[in-house]
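None of the figures in this text is laboratory data; all of them are computed from the coordinates on show. As the structure is a computational prediction, the values presented were derived from the model and not from experiment. In this analysis, Cβ positions are derived from the backbone assuming ideal geometry, glycine residues included, and neighbour counts consider all displayed protein chains.
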Amino acid sequence: HVGQPVSSVQDCRREVKSISRSFQMESSTRQNPPAVLGHLRRIGGTQQVAALEATFVICSQEERFVVGSWLLETALLAPQSSSFLYKLGRKPDPAAPGAALVALARCWGMLPEEIRGAAMALPRARWMDAVPGAVATADPARQRGLVDLIVRLDEPRLAPALVELLASPRAEVASSADRALLQMHEQVGVEPALVAALRTYARHGCRGAAHA
């Protein structure tokens with residue numbers, strides 16, 4: 001069932017375990033499984049999340065699959081278990097789940113669809129907390145993925161994050177944020193957070209449209 005849409009945190013946990021088992025089975029058929037995992041297993045908490053994100057950006061597609069799964073499982077704060085990823089030695093850290101979700105948001109455009117589908121089962125409140133922080137700290141090269149994430153979440157309260165992305169130095173990001181904001185307005189109409197964002201949008205001088 002890997003890659004199918006999931007609709008709850010419990011389903012999300014099962015999806016991550018399935019992804020982990022699949023990767024473990026594939027790794028057992030190779031003489032040299034991805035070495036990046038061994039380098040990260042002794043780091044804990046938010047430092048580990050930061051290292052995972054930095055690794056994710058530069059590693060191979062194969063490694064992105066498992067490192068993304070690791071980030072997602074950290075965001076879930078799953079209980080101690082016999083799962084493949086927990087055998088790598090991570091330690092509990094109350095700040096790690098939030099940091100992992102922010103990292104997932106920043107990496108959204110590069111995540112395998114299996115990981116994105118599973119992550120969408122996380123509570124909306126978690127995404128509401130994570131997306132603004134990701135928008136504020138993402139480098140321009142990864143901002144387009146954030147626009148796609150906000151569109152997928154379909155949450156008008158995230159309109160201010162789209163307004164922030166209008167100021168991206170990348171024309172394609174600003175244009176995408178512009179289109180997403182206007183589409184959100186057409187679909188939702190009058191909604192307090194969206195109205196406030198549109199006022200800020202007007203003060204931006206429709207930057208996204210200017211780049212289109």
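Points worth noting:
- Spin-label model, E62 to Q183: label points 7 Å out along the Cα-to-beta-carbon direction sit 3.6 nm apart.
- The base-10 log of I(q)/I(0) for region 102-168, evaluated at q = 0.25 Å⁻¹, reads -1.15 [Debye formula, identical scatterers on Cα atoms, solvent excluded].
- Taking 7 Å steps out from each Cα toward its Cβ at M120 and A141 produces label points 2.7 nm apart.
- Fully extended contour minus Cα-Cα distance, from R199 to M110, at 0.36 nm per residue: 28.9 nm
- Cβ-Cβ FRET estimate between R152 and A51, R0 fixed at 22 Å, reported to 0.05: 0.25
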